[in-house]
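Reading through the structure tokens given below for one structure.
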Amino acid sequence: MEQAFDAVTVYRYSLPFAKPLILSSCRLQDREVLLLEWRRGTHSFWTEVSPLPGYSSETLSCARRELDTVFDGVAYLSPALLENKLAQCQGDLLPSVSSTLAAAVFECRHANFNVPAVCPLLTAGDLTGATLARLVNSPVIKVKVGGLTLDEDIARISQICELPDFTGKLRLDANQRWNAKDIHRLCCKVDVERIEWLEDPLVVPEHYQQWAEFSTIPYALDETLHQNPQLPVRTDALHALILKPTLLGHQRLVSLCDWAQSHRVKTIFSSCFESPIGQRHLYALANIYGGTEAHGIDTLKYFSYLQEPQPVLDALVYDGRLL
């Protein structure tokens, strides 16, 4: 008989960034999350609830209240019962809550897995000679674009592609900041063979249906996947789905993975600046669904100190017991 959980405890946890993190819709000094400690006999593990401000549909306070609702009246809970509860509640759970419950099931079912291949991330602030020198052997690099003028982005892209020893490709993440005219100009100005894909660049998602009219570079979908509840429309130029479990929730995530597999589209897992505990769930998902692709999980470097896959105990703030 499967061993039940003895206790599930919630803690508040804050991880400072080395410098303020400038995202497309907000500025963060630190990453505030909830950590859940799951105990079974002498063994325990952690999962994370980490909605991303400015992007998630819920706040941390909303997620905390929903955890109380999910566990209300529960006196006995095994991994199998948790899995059943997750399946029954899927459509009604906040994305970050369903993600942490799925992470707990994964920890019980798939405790051992490898760290997947990582796609290095470059933002405008990372574009230094020392940083570029460390990445010349990377087969693929993700570059944040769209925050500067198009001409400035084209100059950055060319600078990276012209590095003497760099023969890899770029994934350009534009965060829905470009229109068809911008993308056509980009295709005329850069070596399109060096671009693996553009990540959800269009301001108007409906224009993906006319993609071949203005672009010779493939595209991937990211923000569109959690803005639109429908499954994607398959086109020849759609090469990948960029999946953020914290934003999508577990049910939506699995349905997109199944869709991608049936349509021969790559699945790339991407972080929302989770702690190493949250990243661990991404590693598990990438091992199961992500094949041998390099995933967008190069974000721990932005925190002020090297994080371990266990929380810093002095930083934990007790916030209640669920079970």
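Computed from the coordinates by the stated procedures, all read-outs in this text should not be read as laboratory data. Keep in mind that this is a model prediction, so the values were computed, not measured. Here the Cβ positions follow ideal geometry from the backbone for every residue, glycine too, while neighbour counts run over all protein chains shown.
Of note:
- Extension gain, R134 back to D319 (0.36 nm per residue minus Cα-Cα distance, nm): 62.4 nm
- Per residue, the convex hull volume that the Cα atoms of the range 113-217 enclose (Å³): 117
- On full extension, the segment bounded by E193 and N112 gains 25.4 nm, given 0.36 nm per residue less the C-alpha separation.
- Y55 long-range amide H proximity, modeled H, under 5 Å: none
- Which of T167, T47 has the fewest Cβ neighbours within 10 Å, and the rest in rising order: T167, T47
- Given their separation in residues at 0.36 nm each and the Cα-Cα distance between them, D30 and L81 gain 14.9 nm when the chain is fully extended.
- Within the chain, longest stretch clear of exposed GluC sites (Glu not before Pro) (DSSP loop, no more than 12 other Cβ within 10 Å): 163-323
- Partners for K181 among aspartates and glutamates (Cα-Cα distance below 12 Å; same-chain residues under 8 apart left out): E213
- Using alpha-carbon coordinates, inclination of helix 276-289 to the longest axis of the chain, degrees: 70
- Centre separation in Å (Cα based) which lies between the range 267-293 and the range 144-202: 25
- Sorted peptide list for 179-187, 140-148, 93-101, criterion being average Cβ within 10 angstrom, highest first: 93-101, 140-148, 179-187
- Label-point separation in nm, E206 to D165, each point 7 Å along Cα→Cβ: 5.0
- Rounded to the nearest 500, the 222 nm mean residue ellipticity of the chain from helices alone is -9500 deg cm²/dmol, with -39,500 (n - 2.57) taken per DSSP H run of at least 4 residues.
- Tensor-based shape of the chain (alpha-carbon gyration tensor, a/c under 1.5 rounded, otherwise prolate or oblate): prolate
- Considering only chymotrypsin sites (Phe, Trp or Tyr not before Pro) in DSSP loops that have at most 11 other Cβ atoms within 10 Å, the longest stretch of the chain without any of them is 77-304.
- Looking at the range 113-217, the DSSP beta bridges with both ends there are about 0 percent antiparallel.
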